[in-house]
Amino acid sequence: MSSPEEKAAGESAPHIDVQEAPEGASCLVLGFWTGGELTARPVWDALTASLKAQGSEAGRGVVWDLRQMDQLDHLGAQVLWNHWGRQWPEKIEVEDAQRAVLERVAEFSVDRPATPAPGFKQAFLNLGEGLIEVFHHFTDLVALVGRLMLNLGKLARRPGDGPWRDLSGHLYHIGATALPITALVGFLIGVVLAYLISQQLKQFGADAFIVDILGISLIRELGPVLAAILIAGRSGSAITAQIGVMRVTEELDAMRVMGIAHSYRLVMPRALALAVVMPLISAWTTVAALIGGMLAADLAMGITPSFFINALPAAVDASNLTLATAKSVVFGVLIALIGCHFGLRVKPNTESLGQGTTASVVTSITVVILVDALFAVLFKNIGI
């Protein structure tokens, strides 16, 4: 049995009481049809279900009686007007104040504009917006590179004032802590490649050429690219998140107020750390992959580790190792700049932080693959 308070609350809630009579149906609009009542989720759900089950009764000879309503504001009038199909019922009994509110709602009610169908014009505009956004990213990145060059010159003139403590911290967090995961992934990639290659070489009796294929592919291409992709996903995202959190917590604004350049204390240490660390991680990953390939070749084809180690220097020229080191330095600088670029563009909210971190990882990996393809084309033409 409901309490008096619950009964009073139910009577004050907006509702429609439909009464049947010999002369026709009558709809009594009762309760408080105001924003305070209608915005309560249980009340709105109950009223919506009731109106949907009842259907629109406007224009069917039904008498709408609003005179017993407790209160009516523009939100309640809009609900009634929409329920009537945005037209006046044939029979309606209202007070003058209620009619004034309904007439005002009827005057300013408009239909929602139809969503334009996507066409050539909209596609062209979307393309233009995308190109402008890419151009802005490119110009900001070029400006970041220019500031990095100036900061390197400043560091060369006054090395005692350099952020060496930040640099050493980044060397540890980006380099030393990444050694286990890069070694594991490199080892597994070497094993998988050796098994796949062995199945093809056995068909032609060219077992010894597995050293050449693994050596060239891992030292020249897969080692640096695999290490760069892992660092982009691991450290590139961390760089963006760190700087983005500084934006959210207004630390970047505090640095600007104190006259501390973002590019000198945030961008340059990370770029230098990655430029130093990436060749080392690339070599580490390549060695782990070669060890995995060597063990798999021994198990699958009987190529002993001693033969593999002795044949590897003759199969791979020193120029390949030089090219891999140069690529790794470029990859490291690009990953650091892209991570800092998206971190500095983060807006002071958590949604922008997540979007910036995702964009940083995707862009870094894409740029690494594109630059690697560019290196392959350029150095193939000059014989390296």
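Annotations
- Looking only at residues in the range 230-247 that are among the hydroxyl-bearing types (Ser, Thr, Tyr) and under 10 Å from GLY343 (Cα atoms), the one that is most open to solvent (accessible area, probe 1.4 Å) is SER237.
- Just one residue in the set GLY343, GLY354, GLY302, GLY332 is loosely packed, with under 15 Cβ neighbours inside 10 Å and farther than 28 Å from ALA206 by Cα; that residue is GLY354.
- From the list GLY175, GLY153, GLY160, the lone residue that is part of a helix (DSSP H, G or I), at pLDDT 90 or above and of a type outside the set (A, V, I, L, M) is GLY153.
- Taking the range 76-91 as the range and being aromatic (Phe, Trp, Tyr) and over 16 Å from ALA49 (Cα atoms) as the test, the residues that pass are TRP81, TRP88.
- Residue, modelled with the highest pLDDT, within the range 24-56, restricted to residues that are more than 49 Å from the chain's Cα centre (by Cα) and of a type outside the set (Val, Ile, Thr): LEU30
Results for (1) within 20 Å of GLY332 (Cα to Cα); (2) open to solvent by less than 70 Å² (accessible area, probe 1.4 Å), shown as yes or no for each residue.
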| position | (1), (2) |
| --- | --- |
| GLU95 | no, no |
| VAL101 | no, yes |
| ALA106 | no, yes |
| GLU133 | no, no |
| ALA143 | yes, yes |
| LYS154 | no, no |
| ILE174 | yes, yes |
| THR177 | yes, yes |
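- The range 275-384 holds helices (runs of 4 or more DSSP H) entirely within its bounds, and those carrying 2 or more residues that are among the β-branched types (Val, Ile, Thr) map to 318-344, 350-381.
- Taking the range 248-271 as the range and being touching a Leu at 6+ places or on another chain (Cβ under 7 Å) and either open to solvent by 50 Å² or more (accessible area, probe 1.4 Å) or among the β-branched types (Val, Ile, Thr) (or both) as the test, the residues that pass are VAL248, VAL267.
- Condition check for ASP212: at pLDDT below 90, acidic (Asp, Glu), part of a helix (DSSP H, G or I) and within 36 Å of the chain's Cα centre (by Cα): no
- One residue stands out among those in the range 92-126 that are among the small types (Gly, Ala, Ser) and in a helix (DSSP H, G or I): the one that is nearest to ALA53 (Cα to Cα), which is ALA106.
The values are calculated or read from the model by the stated rules, or taken from the named source; none is laboratory data. Being a predicted model, the structure only gives us computed values, none of them experimental. Cβ coordinates were reconstructed from backbone atoms using ideal geometry, including for glycine residues, and neighbour counts include every protein chain displayed. What goes into the accessible areas is simple: the full protein's heavy atoms, side chains included, and nothing from ligands, DNA or RNA. Shrake-Rupley method; radii C 1.70, N 1.55, O 1.52, S 1.80 Å.
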